[in-house]
Amino acid sequence: MRQPIILISPDVIVHGDIPRKKSALGLDYQQAISDAGGLPIVASPYANASELFDLADGWLITGGDDLPANLFGQERHEANVDVDPLRLQSELRLHERFFASDKPVLGICMGAQFLNVMAGGDLIQHLPDVLGNDCRKNGTTQIAISPNSKLKSIGLPDTFEARCFHHQAIGTVGQGWTATAHGSDGIIEAIEQSGDHWRIGVQWHPERTLESTPSRTLFVAFVSACANRR
């Protein structure tokens with residue numbers, strides 16, 4: 001029996017003194033999927049989205065730069081660094097195909113924000129404007145999981161510490177989704193799609209703490225859900 005194939009979205013970055021775009025994907029994302037029993041496959045933004053969808057059993061949307069504010073009806077904040085259009089167009093094509101199916105999807109950081117915006121929700125564009133500090137840029141936060149959530153049902157503890165690297169966050173939750181985890185400062189840390197589909201977005205970075213039980217539990221549950229739907 002083959003391993004479940006997990007499609008992972010890479011970032012698109014400009015590298016070097018002579019501007020040159022590169023596809024970039026941290027090895028921690030790939031290790032997280034491999035350690036959980038999945039086969040990680042990088043989703044080239046130039047690949048045919050339908051063929052990538054047919055190949056994959058699930059989709060992991062990774063962190064990255066900021067979503068354009070016009071996607072959720074706001075003016076762009078001056079602190080934003082917009083995600084590369086090549087990546088954004090690739091994500092939009094993949095979203096169309098995966099959300100017409102029952103294949104599991106896990107979004108991390110910008111990936112969670114993307115899922116929320118695609119469901120009609122919006123974002124807090126610059127957390128220091130709300131929190132009065134930049135503690136989420138490179139730090140930790142205490143996560144509290146809702147008792148009746150999918151995250152709780154897969155075995156995550158009621159509370160745990162997690163790594164965070166972001167200046168934006170989910171604001172209004174999109175239609176058909178529910179906020180199921182919050183930080184100690186009240187910021188939404190996870191959303192889940194209602195119903196039976198395995199669709200979860202987490203604002204924290206579980207791939208940065210693969211030694212922790214909550215992180216391993218999340219990735220194992222995701223890969224298991226991808227295997228079980230085949």
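The figures follow:
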{"read-out": "Residue list for segment 12-48, restricted to those being at pLDDT 95 or above, out of contact with any His (no Cβ under 9 Å at 6 or more places or on another chain) and not in a loop (DSSP other than H, G, I, E, B)", "value": "27, 29, 30, 31, 32, 33, 34, 35, 39, 40, 41, 42"}
{"read-out": "Pair list, Cβ < 9 Å and 6+ apart or interchain, from segment 71-89 residues that are under 16 Å from residue 130 (Cβ atoms) to residues that are hydrophobic (A, V, I, L, M, F, W, C) and part of a loop (DSSP other than H, G, I, E, B)", "value": "80/67"}
{"read-out": "Test for residue 88: is it assigned to a loop (DSSP other than H, G, I, E, B), aliphatic (A, V, I, L, M), at pLDDT 95 or above and buried (at least 18 other Cβ atoms within 10 Å of the Cβ)", "value": "no"}
{"read-out": "Segment 1-40: number of residues that are aliphatic (A, V, I, L, M), closer than 15 Å to residue 219 by Cα and either buried (at least 18 other Cβ atoms within 10 Å of the Cβ) or in contact (Cβ under 8 Å) with a residue 40 or more places away in the chain (or both)", "value": "7"}
{"read-out": "Residue within segment 205-214 that is in contact with a strand residue (DSSP E or B) (Cβ under 9 Å, 6 or more places away or on another chain), more than 15 Å from residue 142 (Cα to Cα), crowded, with 23+ Cβ neighbours inside 10 Å and acidic (Asp, Glu) present", "value": "yes"}
{"read-out": "Among (1) within 17 Å of the chain's Cα centre (by Cα); (2) among the polar types (S, T, N, Q); (3) surrounded by fewer than 16 Cβ atoms within 10 Å (Cβ to Cβ), the one test that residue 116 misses", "value": "(3)"}
{"read-out": "Selection from segment 134-151 of residues that are at pLDDT below 95 and not β-branched (Val, Ile, Thr)", "value": "134, 135, 136, 137, 138, 139, 142, 148"}
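The values are calculated or read from the model by the stated rules, or taken from the named source; none is laboratory data. Given the structure is predicted, the values throughout are model-derived calculations rather than measurements. Note that we place each Cβ from the backbone using ideal geometry, even for glycine, and neighbour counts take in every protein chain shown.
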